[in-house]
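The values are calculated or read from the model by the stated rules, or taken from the named source; none is laboratory data. This one's a predicted model, so the numbers in the text were calculated from it and none came from an experiment. Please note: Cβ atoms are built from the backbone with ideal geometry, for glycine as well, and neighbour counts cover all protein chains shown. For the accessible areas, the whole protein counts, side chains as well, though only heavy atoms, and no ligand, DNA or RNA atoms are used. Shrake-Rupley method; radii C 1.70, N 1.55, O 1.52, S 1.80 Å.
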Amino acid sequence: MAFDNLSEKLQNVFKNLRSKGRLTEDDVKSALKEVKLALLEADVNFKVVKQFIKTVQERAIGQDVMNGLNPGQMVIKIVNEEMIALMGSETTEIALKSGNEITVIMMAGLQGAGKTTTTAKIAGKLKQKGRNPLLTACDVYRPAAIEQLKINGEKQGVEVFSMGDKNKPVDIAKAAVEHAQKNGFNVVILDTAGRLHVDEEMMDELVAIKNAVDVTQTILVVDAMTGQDAVNVAGMFDEKIGIDGVILTKLDGDTRGGAALSIRAVTGKPILYIGMGEKLSDLEQFYPDRMASRILGMGDVLTMIEKA
Amino acid sequence: TKTRDNIVSGIDSIFSGFSSIDDDFYEEIEEILIMGDLGVKATEEIIENLKAKVKENKIKEPAACKQLLIDSIKEQMRVEDTAYRFEEEKSVVLVIGVNGVGKTTTVGKLAGKLKDQGRKVVIAAADTFRAAAGDQLAEWANRAGVEMIGGQEGADPASVVFDAVASAKSKGADVLLCDTAGRLHNKKNLMEELRKMNRIIDREFPDAYRETLVVLDATTGQNALSQAKQFGEVADITGIVLTKMDGTAKGGIAVAIQSELNIPVKYIGVGETIEDLQKFDADEFVNALFKTDGNEEE
Ligand SMILES: Nc1nc2c(ncn2[C@@H]2O[C@H](COP(=O)(O)OP(=O)(O)OP(=O)(O)O)[C@@H](O)[C@H]2O)c(=O)[nH]1
Ligand SMILES: Nc1nc2c(ncn2[C@@H]2O[C@H](COP(=O)(O)OP(=O)(O)OP(=O)(O)O)[C@@H](O)[C@H]2O)c(=O)[nH]1
Ligand SMILES: [Mg+2]
Ligand SMILES: [Mg+2]
């Protein structure tokens, strides 16, 4: 990949500065040009990048180069720290209600992001934790969406609640919660249809569901390959419906996943899990530091710096 | 449609406020291109070319410069008339791409379109992996009013393709559309599976006109370039279908792909109904690329 050698480039920028003990404004600026390009290549939103570079620049200028770190590494260290800070310094889990109170989780996102698959993946995780989840087929539009959820539910050994495609998603959601109450389920996961953030009618549908049932967590499912538009998508889902967390899918690909940074920057909501494959067990914990090094495309360098 | 509304407001509002061609002006262009997902490399190339032309033609007016830029990207993205030959030929269309981009839906839409043109269409359900992929495609076959050849979940997709080719031949079908499972381009075994399907078509239907469409989600960023490259190593890609153009993403990565790999965009998806597939229009596309929200800050 083009920017795997970001660290090399930075070494070059600072080639003549090894002896310097302090980062000057000019040093930092020329180094951050390379960082900026790397972030843009990784699909971090242009405006987010600009803001980010500004923050790093302010922090880096005048810093003493530490023992064991050359100026290039010093800049990377600061970039990395700021990125992790922006991405939420620790891992987070889906918040569940305690005891027998029913937790309702609503999945939302663009078409094809991975909602239905992720719904089944989460069910598997919750089941392992001793919860009793009920999956609910609220996508009444996509051909065979219900069948898809049913097959996945069966693979996970989890019940799927469906009322066909002739009912409104709001009514299905309400009925599902009632069904859960009567039958001892303590988590209801609503799989909803994919929709565009600019489709008002469809966005209103999610708002209606939220108003009708007591949704504990609204989770935005985002394709990790998303480009510059991630800020619009995440921003509008959060603004119109209100989201509590994000799941990034398809990170088993070779995308750098800069959308993660953009989404965090516009919503401030935690990234809960990452999808690492099509199999229903392929859902992993999100680690901000690993994501940071993925976006920068230089895991090894960072590991080395962490230790310094 | 929704896209058209987005597009018509046009490009006149952009680059307003510039009285001369200076660094700020070029920076504004750079920002628009990067925000449209063209990527750093294509953007830099475009701007370098533009600067050269401005110098060469002694252009002084930002408006003229803007027009120059727009025209050159339009020219680059223009699709040759021959691009749609498969619609008239006896052809096999292989539809490939990563997960969830809109392959199955595109096959359904394309089937409907070709059927309307009086072509006899057969579709092959060669996604035997994803849950309910066959049911989904069956519904599209039903909507389009065409026949589908399917396989059991877990069956070898190449064998489905084999059966479908035989069936298309014996029925005297004009066009065979093959839906395939979503696969990430970095998965060796899945790409090998695709190679095999491709080989079967070559072997079993050597005189068919071949069309291989890579479906790209317009929302995708720089990774789409890697997708196009690696799918291109497995099959001869003849065109791109850019889906979900009814959203706010500009699909600018297609420009980078056109520059680097010379693969044209042939269709765009603009919604989820059977009518929502259009032939690619370079003018509309570039106009939309340069349309920014009037109310954006800065
Ligand atoms: N490689 C990979 N594929 C994934 C992942 N998550 C989902 N997918 C695939 O992405 C495609 C779309 O997934 P779905 O779960 O159907 O997506 P959706 O958001 O429910 O789609 P709509 O309901 O049509 O909006 C399928 O082929 C899934 O197998 C992931 O983490 N990695
Ligand atoms: N808004 C919009 N949605 C689309 C478009 N094309 C496809 N979709 C939606 O995107 C989602 C995924 O489409 P599919 O056709 O299932 O995608 P796929 O590539 O076959 O997915 P896999 O087989 O799982 O890899 C569905 O919800 C479609 O309705 C489009 O042009 N616009
Ligand atoms: Mg779904
Ligand atoms: Mg499909």
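If the condition is being open to solvent by less than 40 Å² (accessible area, probe 1.4 Å) and either within 16 Å of ligand 4 (Cβ to nearest atom) or out of contact with any Phe, Trp or Tyr (no Cβ under 9 Å at 6 or more places or on another chain) (or both), then the stretch A:209-218 contributes A:Ile209, A:Val213, A:Val215, A:Thr216, A:Gln217.
The residue list B:Ala131, B:Ala83, B:Ala155 contains one member that is under 30 Å from A:Leu251 (Cα atoms), at pLDDT 95 or above and surrounded by fewer than 24 Cβ atoms within 10 Å (Cβ to Cβ), which is B:Ala131. The strands (runs of 3 or more DSSP E) located wholly in the stretch A:151-224 include none with 3 or more residues which are within 16 Å of ligand 2 (Cβ to nearest atom), touching a Leu at 6+ places or on another chain (Cβ under 8 Å) and at pLDDT below 95.
Has the stretch B:229-239 got any residue that is closer than 28 Å to A:Gly235 by Cα, in contact with a strand residue (DSSP E or B) (Cβ under 6 Å, 6 or more places away or on another chain) and open to solvent by less than 30 Å² (accessible area, probe 1.4 Å)?
Among the residues of the stretch B:229-239, not one is closer than 28 Å to A:Gly235 by Cα, in contact with a strand residue (DSSP E or B) (Cβ under 6 Å, 6 or more places away or on another chain) and open to solvent by less than 30 Å² (accessible area, probe 1.4 Å), which makes the answer no.
For the stretch A:175-206, the set of residues classified as in contact with a Gly (Cβ under 9 Å, 6 or more places away or on another chain) and touching a residue at least 24 places away in the same chain (Cβ under 8 Å) consists of A:Asn186, A:Thr192, A:Gly194, A:Arg195, A:Leu196, A:His197, A:Val198, listed by residue number. Of B:Ala132, B:Ala138, B:Ala144, B:Ala125, all but one fail to be within 16 Å of ligand 4 (Cβ to nearest atom), on the phi > 0 side of the Ramachandran plot, more than 18 Å from the chain's Cα centre (by Cα) and within 14 Å of another protein chain (Cβ to nearest Cβ); the exception is B:Ala132. Selection over the stretch A:35-55 of residues that are crowded, with 21+ Cβ neighbours inside 10 Å and within 15 Å of A:Leu10 (Cα to Cα) gives a count of 3. Is it fair to say B:Arg203 is of a type in the set (Lys, Arg) and more than 14 Å from chain A (Cβ to nearest Cβ)? Here the answer is yes, as B:Arg203 does meet what is asked.
For the structure I just gave you, tell me whether B:Ser259 is more than 16 Å from ligand 3 (Cβ to nearest atom), open to solvent by 30 Å² or more (accessible area, probe 1.4 Å) and more than 30 Å from B:Asp116 (Cα to Cα). In short, yes.
As a summary of the residue check, B:Ile96 satisfies the conditions (1) out of contact with any Asp or Glu (no Cβ under 8 Å at 6 or more places or on another chain); (2) away from ligand 1 (no atom under 14 Å from the Cβ); (3) touching a residue at least 60 places away in the same chain (Cβ under 8 Å) except for the one numbered (2).
Looking at A:Gly88, A:Gly112, A:Gly130, can you tell me which residue is of a type in the set (Gly, Ala, Ser), in a loop (DSSP other than H, G, I, E, B) and either within 16 Å of ligand 2 (Cβ to nearest atom) or within 14 Å of chain B (Cβ to nearest Cβ) (or both)? Spell out the reasoning first.
Numbers: A:Gly88 fails: either within 16 Å of ligand 2 (Cβ to nearest atom) or within 14 Å of chain B (Cβ to nearest Cβ) (or both); A:Gly130 fails: either within 16 Å of ligand 2 (Cβ to nearest atom) or within 14 Å of chain B (Cβ to nearest Cβ) (or both).
Residue meeting the stated conditions: A:Gly112.
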